[in-house]
Each structure stands twice: as C-alpha cells, then as structure tokens.
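The values are calculated or read from the model by the stated rules, or taken from the named source; none is laboratory data. These figures come from a predicted structure and were not determined experimentally. For neighbour counting, all protein chains shown are included, and Cβ atoms are generated from backbone atoms with ideal geometry for every residue, glycine included.
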Amino acid sequence: MDMWNGRKLAFLPAGVALLLSGMAACSPVPKPLLAAERTETGQVRVLIAPCPDYDVLGLSVFLNDNIGEPEIWTARSKLRSGSPGQVELFTPPEGWLVSQSSLADTSRPGRYVIDVDGAVNKWSLDGEVAFTAEEFQRLENGKVITGTRDGEVMDRTEFMKPDSDRCEP
C-alpha cells in the first residue's frame, strides 16, 4: 500500500464521523402547522393547518418578556376529536375549557409563543408559532406568520392549501 492510500484510509473514518456529526447537528425545519393572522379588529386568530384526521387536544399561548414568570392562556378540548380550524386567542371554541388564564392579550413587548397539542391517528403532532407584538402589528391583511423557524410571513391562501407532508407525525 502506498503512502497516499494509507492516508486516504486513515482520513476516511474521520471524514465519515464529521459527515455524520454534521447531519446529526442539523434539525429539520419545523412543519408549519400553525399560523397567526390579524382579525378585522386587530386581534390574533390562530389558523390550524388542514390535516385529515387531525385531533386538536389543546392550544396555549405564553408571553416571555424576561420579567418574572411567563404569563399563559391555555384551553383544552373536551371533544377529543377534530380540529376547529381556527381559534381566536383568548376565546375558547365551543366544547373547550380554559384551564389557565394569566394572559389576556398580545399587546405588550416580548415574545409570544402559541402551541397546539394534537394527534393524527393517535400519533402526536404538535405545532408552534412565535412572534413579537411589533411583528404582529406590521402584518398586512391576507398575510400570516407561520410556525417555521424564523416566523416566515406568507399568504393566508398558501398556508391553508392542503399539504400531506406537514400532516405526518
């Protein structure tokens, strides 16, 4: 075996390890199951992606303003099946109960995080969307902030198109 082949073989395991460690460090882009839009009155409406057989169990929003304990609003479904499709924050859909309510609006500075707990055929499928009050106030009519890593803004109609990939647990 010549010197070059010896080096090549010696570096191969390190290269494979580097490649594999790089792959492990990357996480997939979150699937946009949730989006937030402004209502006609300036309130937050949460849109839940149209996923067949998606059962929404609960929805919560919390404010992280780095001052004291986070404030939270949480509602849980008593229905245990189906998805409301959209929820006006701080107004539970019919058949839902509010379980925590120390937050009443999204007007203060800080980062608001909205989470949905759900399942498709009993397999967990959760979503999240986050924004600041300033980002939300700049949101134009017909646009939504999606639950992707950097809070992408897109057309509402584009978000609401069926996409089986984002509905896979």
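Put simply, of Pro93, Pro162 the only residue that is farther than 20 Å from Ala75 by Cα and either surrounded by fewer than 13 Cβ atoms within 10 Å (Cβ to Cβ) or not hydroxyl-bearing (Ser, Thr, Tyr) (or both) is Pro162. Of the residues making up region 121-169, those that are among the aromatic types (Phe, Trp, Tyr) and either over 18 Å from Leu89 (Cα atoms) or without any contact (Cβ under 8 Å) to a residue 40 or more places away in the chain (or both) are Trp123, Phe159.
For region 48-58, taking the residues that are under 14 Å from the mean Cα position of the chain (by Cα) and part of a strand (DSSP E or B), the one that is surrounded by the fewest Cβ atoms within 10 Å (Cβ to Cβ) is identified as Gly58.
The set of residues in region 79-90 that are over 16 Å from Thr39 (Cα atoms), in contact with a strand residue (DSSP E or B) (Cβ under 6 Å, 6 or more places away or on another chain) and surrounded by fewer than 16 Cβ atoms within 10 Å (Cβ to Cβ) contains only Ser81.
Consider region 82-127. How many of its residues are aromatic (Phe, Trp, Tyr) and within 14 Å of Glu71 (Cα to Cα)?
Let us first name the residues in region 82-127 that are aromatic (Phe, Trp, Tyr), namely 90, 96, 112, 123.
Restricting the remaining residues to those that are within 14 Å of Glu71 (Cα to Cα) gives 90, 112.
Going through region 82-127 one residue at a time, the tally reaches 2.
If you go through region 140-169 and keep only what is of a type in the set (A, V, I, L, M) and closer than 16 Å to Val61 by Cβ, you end up with Val144, Ile145.
Picking from residues in region 127-159 that are assigned to a helix (DSSP H, G or I) and polar (S, T, N, Q), the one that is surrounded by the fewest Cβ atoms within 10 Å (Cβ to Cβ) is Thr157. Screening Arg156, Arg111 for residues that are closer than 17 Å to Ala35 by Cβ and under 14 Å from the mean Cα position of the chain (by Cα) leaves exactly one candidate, Arg111. Among the residues of region 76-92, those that are in a loop (DSSP other than H, G, I, E, B) and closer than 21 Å to Phe159 by Cα comprise Gly82, Ser83, Pro84, Gly85, Leu89.
Of everything in region 12-34 that's assigned to a loop (DSSP other than H, G, I, E, B) and surrounded by 11 or more Cβ atoms within 10 Å (Cβ to Cβ), which residue is modelled with the lowest pLDDT? Before you say what the answer is, go through the steps one by one.
Of region 12-34, the ones assigned to a loop (DSSP other than H, G, I, E, B) are 26-33.
Keeping just the survivors that are surrounded by 11 or more Cβ atoms within 10 Å (Cβ to Cβ) gives 30-33.
On the way: Pro30: 52, Lys31: 63, Pro32: 82, Leu33: 91.
Within region 12-34, the match that is modelled with the lowest pLDDT is Pro30.
Conditions tested, residue by residue: (1) surrounded by 17 or more Cβ atoms within 10 Å (Cβ to Cβ); (2) without any contact (Cβ under 8 Å) to a residue 40 or more places away in the chain; (3) touching a strand residue (DSSP E or B) at 6+ places or on another chain (Cβ under 8 Å); (4) not in a loop (DSSP other than H, G, I, E, B).
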residue	(1), (2), (3), (4)
Ala36	yes, no, yes, yes
Val46	yes, no, yes, yes
Ser60	yes, no, yes, yes
Asn66	no, no, no, no
Thr74	yes, yes, yes, yes
Leu103	yes, no, yes, no
Ala119	yes, no, yes, yes
